[in-house]
Amino acid sequence: MSNEIFRDIGKLRKLRRKVTKQYTGRCACCGLGLTKKERTIDHIVPISLGGAKHSLSNMQLLCVKCNQKKADKIIVFLGAKVSGWEVIQSKLSYIGKKLLKEPDFLKMVVQNVQE
């Protein structure tokens, strides 16, 4: 493996430790104290919906069970250490990307709001 790959792995480990420390080792959803095996790092706004991939503000600590329930939905749990504004920014980014690809997307959004 190249040195670059090892640096990336090191950065990811540091980020994982920061998230764990930020949530004091507890699941943001159910509050359960987690062992190393039970911890998962979840993207609050999924990458597939425009969320930041390696941003501490887009990550929360979840147990395996809660992470599986959340799946690819945007859910900010009460224990989450992220502001609502960051979630709104990510959603707006996702909508902007959708508009560029699908111009009729805005019509669909407006129709849903009016109903």
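When segment 39-61 is filtered for residues that are assigned to a loop (DSSP other than H, G, I, E, B) and crowded, with 16+ Cβ neighbours inside 10 Å, the ones remaining, listed by number, are Ile44, Val45, Pro46, Gly50, Gly51, Ala52. In the condition set (1) surrounded by 16 or more Cβ atoms within 10 Å (Cβ to Cβ); (2) modelled with pLDDT of 90 or more; (3) of a type in the set (Val, Ile, Thr), Thr35 is compliant with all but (1).
The values are calculated or read from the model by the stated rules, or taken from the named source; none is laboratory data. The shown structure was predicted, so the numbers you read here are calculated from the model rather than taken from an experiment. Using ideal geometry, Cβ is built from the backbone for each residue, glycine included, and neighbour counts are taken over all protein chains shown.
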